[in-house]
1. Just name the residue that is surrounded by the most Cβ atoms within 10 Å (Cβ to Cβ) out of those in segment 35-49 that are under 11 Å from LYS10 (Cβ atoms) and within 11 Å of the chain's Cα centre (by Cα).
2. Could you grab the pairs with beta carbons closer than 9 Å, sequence gap of 6+ or different chains, first residue in segment 1-29 and of a type in the set (Asp, Glu), second one surrounded by 12 or more Cβ atoms within 10 Å (Cβ to Cβ) and not in a loop (DSSP other than H, G, I, E, B)?
3. With (1) modelled with pLDDT of 85 or more; (2) part of a loop (DSSP other than H, G, I, E, B); (3) more than 12 Å from the chain's Cα centre (by Cα) as the list, and GLY30 as the residue in question, which single condition is left unmet?
4. Among the residues of segment 1-27, what is the count of those that are in a loop (DSSP other than H, G, I, E, B), of a type in the set (A, V, I, L, M, F, W, C) and under 11 Å from the mean Cα position of the chain (by Cα)?
Amino acid sequence: MKQQKTQWEKQPWFRFEVSRQTWRRWVLEGYAPEGVQLGPATLRWRETDLQKFEQEHSSARFSAHKLPPNIGSASVAVKG
């Protein structure tokens, strides 16, 4: 039986149209999948993990503010 070769993504923040800092925050908060350390300076994400992440969040399709659903948006009171 032939094993499939793992496909890797180097910069998933481009794929999801967010900044690197936002992606890092999502990973630290457990919202986005963690990368795999392949070497001392090499971090990559498995394509299968990113596809799963995309499918799980496809209903939201990443709001205009690019915020995970558990964060929400802040409302601002306007004095008039």
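The values are calculated or read from the model by the stated rules, or taken from the named source; none is laboratory data. Because the structure is a prediction, the values reported are computed rather than measured. Note that we place each Cβ from the backbone using ideal geometry, even for glycine, and neighbour counts take in every protein chain shown.
1. Ranking the candidates gives TRP45 first.
2. GLU9/ARG15; GLU9/ARG44; GLU9/TRP45; GLU9/ARG46; GLU9/GLU47; GLU9/ASP49; GLU9/LEU50
3. Condition (3) is where GLY30 drops out.
4. Filtering segment 1-27 for residues in a loop (DSSP other than H, G, I, E, B) gives 1-7, 10-11, 16-19.
Now narrow it down to the ones that are of a type in the set (A, V, I, L, M, F, W, C): 1, 16, 18.
Next, only the ones that are under 11 Å from the mean Cα position of the chain (by Cα) stay: 16, 18.
Selection size over segment 1-27: 2.
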